[in-house]
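Participant: For reference, the structure I am asking about is given below.
The values are calculated or read from the model by the stated rules, or taken from the named source; none is laboratory data. These numbers come from a predicted model, not from an experiment. Ideal geometry is used to build each Cβ from the backbone, glycine not excepted, and the neighbour counts take in all protein chains shown. Calculation scope for accessible area: heavy atoms of the full protein, side chains included, ligands and nucleic acids excluded. Shrake-Rupley method; radii C 1.70, N 1.55, O 1.52, S 1.80 Å.
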Amino acid sequence: MEEWTVMLQDRPIKTFAIEEGGRVTIGRGSEADVVIDNTAISRVHAAIELQNGVYFVTDLKSLNGTMVNGVKITEMVPFSKNDTIDIGKFRLVPTAVAGGAPVISSSVTSMDLDDETVFVTNKKGAAAKQSAPVSAKDGPFLVVLQGDARPSRLSVKGKNSIKIGKDATCEVVIGGWFVAAAQCYIIKRDEKFFIVPQRSWASTRLNGLQIKDERPLHMGDIIEIRSTKLQFG
């Protein structure tokens, strides 16, 4: 019986085992065997099987797809422990090489309920569309300036949404009392970036001012969540 770990960047999220002849489904819905609470994962995203000592992965018509060695699959594909398996923005690796104990997370947030994330633009969001687009060769980045957050530096390039909060499935995990599982999102729309705060006991601040609705992001902006400060740029 082999153990596997679901990773987000370099962080182990969940571990599961597969027995000979067994089948494990991975998804965001409660009907999945391994539940990963993230909008990049469909309700029932993929299945892993072990048949006669050979592992197989099947994409279950997910929104963001399943990749084997960088190639999106459309049918059941055999794989070995040396292959690279990407499920949405998550990676499946043997637990022996995962490098750390997994964090078990079961929280659900309002923006994780549908297979496709929907962001509602309010009146201020409409005005924000006129902000200048952000561009950088390898960025922009989110950089931790102060406080309890990981990773310390995250590239935003190529991402349409980034989840920030206390939950282990967030791209940026922030510790501290009253921080929400999903404290805020950074989204990309029309080549521009916006911050979308969520309901939380802890306030989300942009350049020192508390925000409760969508705001545009500019290079050098400072995001504050309790004692943690992140710089966008």
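Participant: In nm, to one decimal, how far is the Glu3 label point from the Glu31 one, both placed 7 Å along Cα→Cβ?
Facilitator: For the pair Glu3/Glu31, the computed spacing is 3.0 nm.
Participant: Please state the equivalent ellipsoid semi-axes for the range 140-200: what are the square roots of 5 times the Cα gyration tensor eigenvalues, largest first, in whole Å?
Facilitator: Equivalent ellipsoid of the range 140-200: 19, 14, 9 Å, largest first.
Participant: Taking loop as defined by DSSP and a crowding limit of 14 other beta carbons within 10 Å, which GluC sites (Glu not before Pro) in the range 1-88 fit?
Facilitator: Glu19, Glu20, Glu31, Glu75
Participant: Right, here's the next one. With r defined as the distance between the Cβ atoms of Gln146 and Ala96 and R0 fixed at 41 Å, what FRET efficiency is calculated, to the nearest 0.05?
Facilitator: 0.70
Participant: What is the local net charge at Lys188, summed over the other residues whose Cβ is closer than 12 Å to its Cβ (Lys, Arg +1; Asp, Glu -1)?
Facilitator: Summing Lys and Arg as +1 and Asp and Glu as -1 gives +2.
Participant: In whole percent, and with a 1.4 Å probe on the protein chains, what portion of the accessible area of the range 144-233 is carbon and sulfur?
Facilitator: 49 percent
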